1. Find which of Ala104, Leu71, Leu93 sits farthest along the positive direction of the dipole of segment 68-107, computed with +1 on the beta-carbon of Lys and Arg, -1 on that of Asp and Glu, about the Cα centre.
2. Give the Kirkwood hydrodynamic radius (Å, one decimal) of segment 1-129, defined as one over the mean of 1/r across all pairs of different Cα atoms.
3. What number, in percent, do you get for the relative contact order of segment 16-125 if the mean sequence gap of Cα pairs under 8 Å and at least 6 apart is divided by its residue count?
4. For Asp214 and Ala22, calculate 0.36 nm times their separation in residues minus their Cα-Cα distance, and state this gained length in nm to one decimal.
5. Looking at the square roots a ≥ b ≥ c of the eigenvalues of the Cα gyration tensor of segment 94-141, which shape do they give, rounded for a/c under 1.5, prolate if a/b is larger than b/c, or oblate?
6. What percentages, rounded to whole numbers, describe P(r) for segment 99-241 computed over all alpha carbon pairs with 5 Å bin width beginning at zero?
7. Between Ile44 and Ala149, take the C-beta separation as r, use R0 = 25 Å, and let me know the FRET efficiency to the nearest 0.05.
8. Taking all protein chains in place and a 1.4 Å probe, what share, in percent, of the accessible surface of segment 139-226 do carbon and sulfur account for?
Amino acid sequence: DAEDAGAGNDNVGDDRREQLRANLQKERPELDIGSIHATPIDNIYEVVSGGQIFYVTADARYVFSGNLIDLDAQRNLTNDRQADIAHGVIEDLDVGDMVVYEPANGPAQEYLTVFTDHTCPYCQRLHEEVLTMVQDHPVEVRYAMYPRAGRDSAAADTLRDIWCAEDPARALTQAKAGQSVPARESGCETPLQRHWTAAREVGLRGTPYIVVGDDGPIISGYRPQAQLLSVMGLNTAASAE
């Protein structure tokens with residue numbers, strides 16, 4: 001739940017939270033406020049809206065966005081919170097509703113959840129890395145589907161065809177290689193709407209969007225295999241043996 005995310009170390013009183021919410025909605029009635037939490041800075045509060053994070057002063061007069069960085073701890077607190085939000089959303093998705101590529105040799109030690117669109121050039125490039133990575137390393141890759149052109153686009157139709165294929169993983173690989181995929185069966189249900197909603201909740205703005213493991217960072221955009229393995233804490237040489 002977005003309102004509860006990160007609340008364990010939050011100390012915003014209910015009255016203050018509701019006053020901030022009321023003041024913000026008075027000034028920006030179109031704003032869909034998911035949560036309001038304290039930050040380590042006195043009188044500066046974090047607001048989450050549509051998966052995006054911004055900050056507001058205690059009197060709700062000043063609002064700003066950007067990265068909040070703790071220089072002593074060398075941590076990007078904004079990225080940390082965005083990762084928390086993403087993991088909370090991913091936990092609510094069913095792995096059985098994703099297109100999964102399992103490691104060829106033995107059980108997975110780590111996994112990636114990736115929002116993808118088969119028409120996205122960087123998604124296609126990442127998929128080439130994925131096919132090699134799951135062959136050589138103990139990594140599982142789980143794809144959620146996000147048609148960038150919209151839920152009623154040709155790309156969305158193809159993603160539905162992929163999900164409804166006899167072998168969705170093979171069909172996704174074919175589509176990312178520019179090959180056609182047979183039209184879906186009549187009445188085939190897909191998780192496309194759930195994935196679309198989840199993408200909006202994490203504030204996705206482009207694909208690929210990568211969520212690392214159970215509590216790892218989020219990565220927006222393409223990364224080469226070696227970098228992904230490093231982020232997952234896998235020793236490239238040892239994993240390849």
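1. Leu71
2. Details: mean 1/r = 0.0578 Å⁻¹.
After inverting the mean inverse Cα-Cα distance, the result is 17.3 Å.
3. Working: 92 pairs, mean separation 13.1, N = 110.
It rounds to 12 percent for segment 16-125.
4. Details: separation 192, 0.36 × 192 = 69.12 nm, distance 3.45 nm.
Stretched out fully, the Asp214 to Ala22 stretch lengthens by 65.7 nm.
5. On the way: a/c = 2.67, a/b = 1.36, b/c = 1.97.
Taking the square roots of the gyration eigenvalues as a ≥ b ≥ c, segment 94-141 is oblate.
6. Reading the bins upward from 0: 2, 10, 21, 23, 20, 14, 8, 3, 1, 0.
7. On the way: r = 38 Å, r/R0 = 1.51.
Efficiency at R0 = 25 Å is approximately 0.10.
8. Details: 1800 of 4260 Å².
The C+S portion of the solvent-accessible surface of segment 139-226 is 42 percent.
The values are calculated or read from the model by the stated rules, or taken from the named source; none is laboratory data. On a predicted model such as this, the values are computed, not experimentally measured, just so you know. Neighbour counts are summed over all protein chains in view; Cβ atoms, including those assigned to glycine, are modelled from backbone coordinates with ideal geometry. These accessible areas exclude ligands, DNA and RNA; they are computed on the full protein's heavy atoms, side chains included. Shrake-Rupley method; radii C 1.70, N 1.55, O 1.52, S 1.80 Å.
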